[in-house]
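Peer 1: Supplied in structure tokens, the structure appears directly below.
Every read-out reported here was derived from the displayed coordinates using simple, explicitly stated rules and does not represent laboratory data. Note that the coordinates shown come from a computational prediction; the quantities given were computed from them, not determined experimentally. Reconstructed Cβ throughout: ideal geometry from the backbone, glycine too, with neighbour counts over all protein chains shown.
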Amino acid sequence: MEQLSTLWQPLLDWMNGNDIFTPNTFAMYWTGLTNTVQLVFISLLIGLVLAVPLAIARGSRNQVLRKSIWFYTYLFRGTPLLIQLYLAYYGFAFIPGIQETWLWFFLDDPLYPALLAFTLNTAAYTTEIFHGSIQATPRGEIEAARAYGMSKAKMMRRIVLPSALRRALPAYGNEVIFMLHASAIAFVVSITDLTGAAYYIYARFYAPFAAFLFVAALYMVLSFSIQALFKYLEKRLLAHLKPAR
Amino acid sequence: MKKIITLSLMGAVLATGHAQARDYDTVRIGVDIPYVPMEYRTPDGTLTGFDIDLGNALCKQAELDCKWVIQGWDGIIPGLQARKFDAIMSSMTINDDRKKQILFSDPYMTPPSAWFTPKDSTISSPNEESLKGKSIGVQRGTVQDNYVTDHYGSNASIKRYATADDVAIDMEAGRLDIAFLDYPTGKAALVDSKSGQFKTVGEMLTEPKKYFGEGFGIAFRKRDRELAETFNKALAELKDNGTYNTLYTKYFPDAKAE
């Protein structure tokens, strides 16, 4: 017992004496955490909703529709997210007269331009993921649906999408985690996200290891939670694709 | 016997050498340029700035002959140790790490921090009341950031940027109501480069020391205690006779001298 307390003493002293992990810095990390989660969650949600119709239209027979969506995904997958963020945040702000319009309400706050860039970016990737998955629908399923006399819309709704979206799940899970990690650039446009909070604490206390290792651990917890969620979903929703035992 | 005399002579030489490092007639001062308005060259090549003018005034007061030696920042402390020059006067902030290596004079100034706003701003004196709900721009992790975060963090929105130029861009775009920056940096990024669009408001701050630090000091080799004392004495005299104030207002017209 005596020995145990001498072992712990340095740690306790450090906990009491350190000025890096205080209520103030935890409040900073908390702000960062809520901003990161908010930003990533909302952009993924809108991106997902946008991506489903876009992925269907991406495979449409209509040349103009198909090509324009291809062009959009090509553009957003072909340029760095950081550049897209800069354009959304700094670019629009310098359109003459924009401060006078209702748009300024959104541009004034860094959160909205960041949401715009993140949403359009994830929607582009997700569109391609879903498009690939729709394309890979087994020919037999489509023939069977046709044989039942289903309309195109009905076939899409009942046969193609349910199985395609399920098969896209593992790839989409990756996209979600990528998005979480990519969101670490949000601090360059003055948003206090997790990385921004860590950077602030690093710069204030000159303690790179404490600040960044702690924030890395937070990101890791978030990543693992997302992974666990997708693992659960895959187990439930992809049960029919498992080899029979 | 001879041996004893030699030894005692050596001892005497060593002892005096230790007690009194060297009598300086000419003092070479190392400086890293440019850092406007502290030390820089005018277009015709003459060295000028607050440090230079104050340094020359100090030398005159102490009746020393001074010479400036240009030295890059990275090599400025090693240069002092290697006797390439005898002092450093180059906006060097006094801190504990440096104190282990070198000897500092009394602080001769604390760089002021200043508030900047767009020209047509209605904020005239920044305080709890006038900054309520405003967005304040700062450079992330600077002393200004710490000060603003602790004082106004709870009822104003603080936006942190990597550089003063990023602050300037967002101020120009109209996203920031006010910025709090180190005065020379903010003046260069906002007032000088975007002429007529921005101004400084309110009082410049150098206190409390907890945030703004001890300030700049002149650095010497550790053994040159006497030389440091000479400079401290001269500095006190210049502060008394008003020379210091004249120089300070010449370079920082809007700031209140300490």
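Peer 1: Of A:GLY173, A:GLY140, A:GLY78, which is the most mobile in a GNM of chain A whose springs link Cα atoms less than 10 angstrom apart?
Peer 2: A:GLY140
Peer 1: Continuing with the same structure: Calculate the translational D of the range B:10-158 in whole µm² s⁻¹ from Stokes-Einstein, where the hydrodynamic radius comes from the Kirkwood formula applied to all Cα pairs, the temperature is 4 °C and the viscosity 1.567 mPa s.
Peer 2: On the way: Rh = 19.0 Å.
Result for D is 68 µm²/s.
Peer 1: Could you check the simple spin-label distance between A:ILE142 and B:ASP25, using points 7 Å along Cα→Cβ, in nm with one decimal?
Peer 2: 9.9
Peer 1: With both bridge residues required to lie in the protein assembly as shown, what share of the DSSP beta bridges run antiparallel, to the nearest 5%?
Peer 2: On the way: 18 of 33 bridges.
In the protein assembly as shown, DSSP labels about 55 percent of beta bridges as antiparallel.
Peer 1: Also: Out of all Cα-Cα pairs in the range B:87-166, roughly what percent, to the nearest whole number, are more than 21 Å apart?
Peer 2: Working: 1421 of 3160 pairs.
So the portion of pairs separated by more than 21 Å is 45 percent.
Peer 1: Over the range B:113-212, what per residue volume does the convex hull of the Cα atoms give, in whole Å³? Could you put the intermediate results ahead of the total?
Peer 2: Details: hull volume 8.3 nm³, N = 100.
Dividing the Cα hull volume of the range B:113-212 by its residue count gives 83 Å³.
Peer 1: Using modelled amide H (1.01 Å from N, peptide plane; none on Pro or chain starts), what sits under 5 Å from the amide H of B:PHE198, excluding residues fewer than 5 places away?
Peer 2: Close amide H contacts, sequence-distant or interchain: B:LYS119.
Peer 1: What would the Debye formula give as log10 I(q)/I(0) at q = 0.19, 0.26, 0.30 Å⁻¹ for the alpha-carbon point model of the range A:192-235, no solvent?
Peer 2: Ignoring solvent entirely, the Cα scatterers give -0.59, -0.81, -0.94.
Peer 1: So what's the back-of-envelope 222 nm ellipticity for chain B, counting only DSSP H runs of four-plus at -39500 (n - 2.57) apiece and dividing by all residues, rounded to 500? Spell out each step's value before the answer.
Peer 2: Values: 10 runs with 96 residues, N = 258.
After summing the helix terms and dividing by the residues of chain B, the value is -11000 deg cm²/dmol.
Peer 1: Next up: Helix A:111-135 against the longest principal axis of chain A: what's the angle in degrees, Cα atoms only, rounded to the nearest 10?
Peer 2: 40
Peer 1: Over all residues in A:190-201, what is the mean tally of Cβ atoms on other chains that come within 10 Å of each residue's Cβ?
Peer 2: On the way: counts 15, 2, 5, 0, 0, 0, 2, 0, 0, 4, 7, 1.
Neighbouring Cβ atoms belonging to other protein chains average 3 per residue here.
Peer 1: Given chain A, report the % of alpha carbon pairs whose separation exceeds 27 Å.
Peer 2: Details: 15514 of 29890 pairs.
The share of Cα pairs beyond 27 Å in chain A comes to 52 percent.
Peer 1: Counting only other residues whose beta carbon sits under 11 Å from that of B:THR117, what net charge do I get with K and R as +1, D and E as -1? Spell out each step's value before the answer.
Peer 2: Details: positive: B:LYS119, B:LYS134, B:LYS199; negative: B:ASP120, B:ASP177.
Within the 11 Å Cβ shell, the charges total +1.
Peer 1: Also, I was wondering about something else. For helix A:208-237, report the angle its Cα long axis makes with the longest principal axis of the Cα atoms of chain A; keep it between 0 and 90° and round to the nearest 10°.
Peer 2: Once rounded, one gets 30 degrees.
Peer 1: Moving on. If R0 is 25 Å, what FRET efficiency do you get for B:HIS151 and B:ALA188 from their C-beta distance, rounded to 0.05?
Peer 2: Working: r = 25 Å, r/R0 = 1.00.
Computed FRET efficiency for B:HIS151 and B:ALA188: 0.50.
Peer 1: Once every Cα of the protein assembly as shown carries one equal point scatterer and solvent is ignored, give the base-10 log of I(q)/I(0) from the Debye formula at q = 0.07, 0.08, 0.10 Å⁻¹, two decimals.
Peer 2: -0.59, -0.72, -0.95
Peer 1: What is the distance, in nm, between label points placed 7 Å from the Cα along the Cα-to-Cβ direction at B:GLN197 and at A:ALA228?
Peer 2: 5.0
Peer 1: Right, something else. Just to be sure I understand the model, the point goes 7 Å from the Cα along the line to the Cβ. What's the resulting A:ARG61 to A:TRP102 distance in nm?
Peer 2: 4.0
Peer 1: Let me ask another. Taking 0.36 nm per intervening residue step and subtracting the Cα-Cα distance, what contour gain separates B:LYS84 from B:SER124 on full extension?
Peer 2: Details: separation 40, 0.36 × 40 = 14.40 nm, distance 4.83 nm.
Full-extension gain reported as 9.6 nm.
Peer 1: Ranked highest first by the average count of other Cβ atoms within 10 Å around their residues, in what order do B:150-162, B:102-114 fall? Write down the numbers at each step before the final one.
Peer 2: Values: B:150-162: 16.9, B:102-114: 21.2.
Result, highest mean Cβ count within 10 Å first: B:102-114, B:150-162.
Peer 1: Taking Cα atoms, how many degrees apart are the long axis of helix A:23-58 and the longest axis of chain A, rounded to 10 and kept between 0 and 90?
Peer 2: The answer is roughly 10 degrees.
Peer 1: May I pose another question? Rg(Cα) of the range A:42-182 divided by 2.2 N^0.38 Å?
Peer 2: Values: Rg = 18.0 Å, N = 141, 2.2 N^0.38 = 14.4 Å.
The reported ratio for this selection is 1.24.
Peer 1: If you don't mind, another one. B:LYS99 to B:THR246: FRET efficiency via 1/(1 + (r/R0)^6), r the Cβ-Cβ distance, R0 30 Å, to the nearest 0.05? Mind dumping the intermediate values first?
Peer 2: Numbers: r = 30 Å, r/R0 = 1.01.
E between B:LYS99 and B:THR246, to the nearest 0.05, is 0.50.
Peer 1: Using the scaling law 2.2 N^0.38 Å as the reference, what is the normalised Cα Rg of chain B?
Peer 2: 1.23
Peer 1: Quick one: if the Förster radius is 41 Å, what FRET efficiency do A:LEU241 and B:VAL36 give, using the C-beta to C-beta distance and rounding to 0.05?
Peer 2: FRET efficiency, A:LEU241 to B:VAL36: 0.05.
Peer 1: For peptide A:103-113, how many partner chain Cβ atoms fall within 10 Å of a residue's Cβ, on average?
Peer 2: Taking all residues of A:103-113 together, the mean is 2.
Peer 1: A further question on this structure: Just tell me how shielded B:166-177 is by partners: mean number of partner chain Cβ atoms within 10 Å of each residue's Cβ, no decimals.
Peer 2: Working: counts 4, 1, 0, 4, 6, 0, 2, 10, 6, 11, 2, 0.
Across the residues of B:166-177, the mean count of other-chain Cβ atoms within 10 Å is 4.
Peer 1: May I ask for the distance between the Cα centers of the range A:201-245 and the range A:48-126, given as a whole number of Å?
Peer 2: Spelled out, the Cα-based centre of one part sits 27 Å from the other.
Peer 1: If packing is taken as the mean number of other Cβ atoms within 10 Å per residue, what is the order of A:120-127, A:53-60, highest first? Write out the running numbers ahead of the final one.
Peer 2: Details: A:120-127: 23.4, A:53-60: 18.0.
Final packing ranking: A:120-127, A:53-60.
Peer 1: Which number do you get for Rg(Cα) / (2.2 N^0.38 Å) in the range B:203-245?
Peer 2: Details: Rg = 13.3 Å, N = 43, 2.2 N^0.38 = 9.2 Å.
So the range B:203-245 has a normalised radius of gyration of 1.45.
Peer 1: Sorting check: for B:235-241, A:149-155, B:38-44, which peptide has the highest mean count of neighbouring beta carbons within 10 Å, and how do the rest follow?
Peer 2: B:235-241, B:38-44, A:149-155
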